[in-house]
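Read through the structure below, which is laid out as structure tokens, and then see the notes.
The values are calculated or read from the model by the stated rules, or taken from the named source; none is laboratory data. Computed from a prediction, not measured in an experiment: that's the story for all the values here. FYI the Cβ positions are ideal-geometry reconstructions off the backbone, even for glycines, and counts take in every protein chain you see.
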Amino acid sequence: MTIQWFPGHMAKARRQVTEKLKLIDIVYELVDARLPLSSRNPMIDEIVQNKPRLVLLNKADLADKKLTEEWMKHFKDNGIPSIAVDSQTGTGMKQIVAVSKEILKEKFERLAAKGVRHRPIRALIVGIPNVGKSTLINRLAKKNITKTGDRPGVTTAQQWVKVGKELELLDTPGILWPKFEDELVGYKLAATGAIKDAILNLQEIAVFALKFLTEYYPGQLQERYGLEEIPEEIGDLFDEIGKKRGCMMAGGYIDYDKTSELVLREIRSEKLGKLTFDRLHEI
Ligand code: GDP
């Protein structure tokens, strides 16, 4: 799904999240573990305001583990707890409930002291498109989706997804826009497949990705394409990969579009190993 974000859409998305904040105890901010910075909404602090928040670094299975730990420490240093999760297999799911309970302990104790009966924690998942919101909701829900407002004409009732006895999620996540005004962020989102359609030029994304791999993951790049050395010129690197993988056009020329497609497909499907595109020093 690719959403074209216009000012009107942004205002609407923001309003929808703001309305739902009234119903919940905690916000789960879903980010891509390969892009813990670039996959965040630029106005997230303002939007979430003072609601307790838990950052979930999703797709942790695809990210560089050491850097995921560094990013978690960074979030912690900024007062935001975080957990690395993999919504596809379910890694980290138990921790979500445990950490949420810890974050909300005082609030629930206060409510209990006032005589309010104990109830499940209520949460809202927010994040940019393709970060894994639906996958996470389905993974948490298993088959426990309780429909409370699916009759025609009932538009105000929210639907809650029960997660065991202790957590309830709003079944519609808050979809927020990415930081697309920053070109580098755009390349990173495109390289990881967070932006699915070719909004940016395919070859430009591949050039960015290959330069990035040359700088940060030279070993993985060399191993994948059997390169004894990585050529200094990006054009030479394209030529070598294209030749090795048979991405050729008539006349023996390298097909750069085909080579770009191949490299990007392999990056996205973990063939180049686990990769994290955001670095702490870039902050
Ligand atoms: P949404 O737009 O935020 O709801 O994103 P989706 O739930 O539709 O997920 C987008 C893509 O990411 C899908 O192809 C999912 O299968 C994939 N995905 C979601 N979570 C994970 C994860 O933890 N690991 C991996 N490897 N892929 C994931």
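So here's what we get for this one:
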quantity	calculated
Any chance GLY90 is under 28 Å from ALA191 (Cα atoms) and without any contact (Cβ under 8 Å) to a residue 12 or more places away in the chain	no
Residue check for GLU183: closer than 27 Å to GLY8 by Cα, loosely packed, with under 13 Cβ neighbours inside 10 Å and at pLDDT 90 or above	yes
Failed item in (1) away from the ligand (no atom under 16 Å from the Cβ); (2) out of contact with any helix residue (DSSP H, G or I) (no Cβ under 7 Å at 6 or more places or on another chain); (3) touching a residue at least 40 places away in the same chain (Cβ under 8 Å), with LYS59 passing the rest	(1)
Total residues in segment 44-56, condition away from the ligand (no atom under 14 Å from the Cβ) and in contact (Cβ under 8 Å) with a residue 40 or more places away in the chain	5
Total residues in segment 41-66, condition under 21 Å from VAL99 (Cα atoms) and either of a type in the set (A, V, I, L, M) or at pLDDT 95 or above (or both)	15
Yes/no for TRP5 being out of contact with any Leu (no Cβ under 9 Å at 6 or more places or on another chain) and within 16 Å of the ligand (Cβ to nearest atom)	yes
Test: residue in segment 76-88 that is within 16 Å of the ligand (Cβ to nearest atom), at pLDDT below 95 and surrounded by fewer than 21 Cβ atoms within 10 Å (Cβ to Cβ)	yes
Residue count for segment 64-79, restricted to those that are in contact with a strand residue (DSSP E or B) (Cβ under 7 Å, 6 or more places away or on another chain) and in contact (Cβ under 8 Å) with a residue 40 or more places away in the chain	2
Residue satisfying condition, being in contact with a Phe, Trp or Tyr (Cβ under 8 Å, 6 or more places away or on another chain) and either of a type in the set (A, V, I, L, M, F, W, C) or under 17 Å from ILE137 (Cα atoms) (or both), within set LEU57, LEU30, LEU62	LEU57
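Residue by residue, here is whether (1) in contact (Cβ under 8 Å) with a residue 60 or more places away in the chain; (2) away from the ligand (no atom under 16 Å from the Cβ); (3) over 29 Å from THR68 (Cα atoms) holds:
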position: PHE208; (1), (2), (3): no, yes, no
position: GLU215; (1), (2), (3): no, yes, no
position: GLY219; (1), (2), (3): no, yes, no
position: ARG245; (1), (2), (3): no, yes, yes
position: MET249; (1), (2), (3): no, yes, yes
position: GLY252; (1), (2), (3): no, yes, yes
position: LYS258; (1), (2), (3): no, yes, yes
position: THR276; (1), (2), (3): yes, no, no
position: ILE283; (1), (2), (3): yes, yes, no
